[in-house]
Amino acid sequence: MSMIEVTRDVNNSLLARREISCIFKGLAGKLKKPEAVDVVSKHFKLDGKVIVAIKLKNETGRPMVAGTFYVYDDEVLARKHIKPAIFARMDKAKAGGEKPEETKEAPAEKPEEKPKEEKKAEDKPKKEEKKSEDNPKKEESK
């Protein structure tokens, strides 16, 4: 018994692609899109073609995954027909999901802060000076 069962295999001449729907038995919760693309490419012998996993859906209560794949001869045509978000996810998965180097840098060192006691002592004279500056008439009248 095969691990993959083809439910639909259609050549869409209008969009210049092959649409494959299949069921993966016993792989529910274990199968990811890049792995599913590899299985489909090996099963149908599609080396050198662009395979896009459109949908993988688990069936409730069964260890089965239903998948829909589009097979293109040309990547430019595939990028033209399919949403850019799907290709962004595919590119991210191929890169290993690494973040850019800019975000990996260590945070800048903070300047040394004075202890709280020193801050309070420095703040008090400033407040007294402000009072005398705000009310110069009272001091002059005395």
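Read-outs throughout are calculated quantities, based only on the coordinates presented, and are distinct from any laboratory measurement. As the structure is a prediction and not an experimental result, all values here were calculated from the model. Glycine gets a Cβ as well: all are built from the backbone with ideal geometry, and neighbour counts include every protein chain shown.
Might you report the magnitude of the Cβ-based charge dipole of the range 4-98 about its Cα centre, with Lys and Arg at +1 and Asp and Glu at -1, to the nearest 20 debye?
260 debye
How much length would be gained if the chain were fully extended between residue 38 and residue 19, taking 0.36 nm per residue of separation minus their Cα-Cα distance, in nm to one decimal?
Working it through step by step, the gained length comes to 5.3 nm.
For the range 14-27, take each phi angle, set θ = phi - 60°, evaluate the Karplus expression 6.51 cos²θ - 1.76 cosθ + 1.60, and give the result in whole Hz per residue in order, putting x for glycine and proline.
In residue order, the calculated couplings are 5, 9, 6, 8, 10, 10, 10, 10, 8, 10, 9, 8, x, 10 Hz.
Is the shape of the range 4-98 best called rounded, prolate or oblate, per the rule: a/c under 1.5 gives rounded, else a/b larger than b/c gives prolate, else oblate, with a ≥ b ≥ c the square roots of the Cα gyration tensor eigenvalues?
oblate
Compare the peptides 79-88, 15-24 by average per-residue count of other Cβ atoms within 10 angstrom and give them in order, highest first.
Result, highest mean Cβ count within 10 Å first: 15-24, 79-88.
Obtain the nm distance between the two label points defined at residue 57 and residue 88 by a simple spin-label model: each point lies 7 Å from its Cα along the Cα-to-C-beta direction.
2.5 nm
Return the subset of 25/92; 32/83; 57/94; 55/83; 32/92; 57/92 for which the Cα-Cα distance in this structure is over 24 Å, preserving the input order.
The answer is 25/92.
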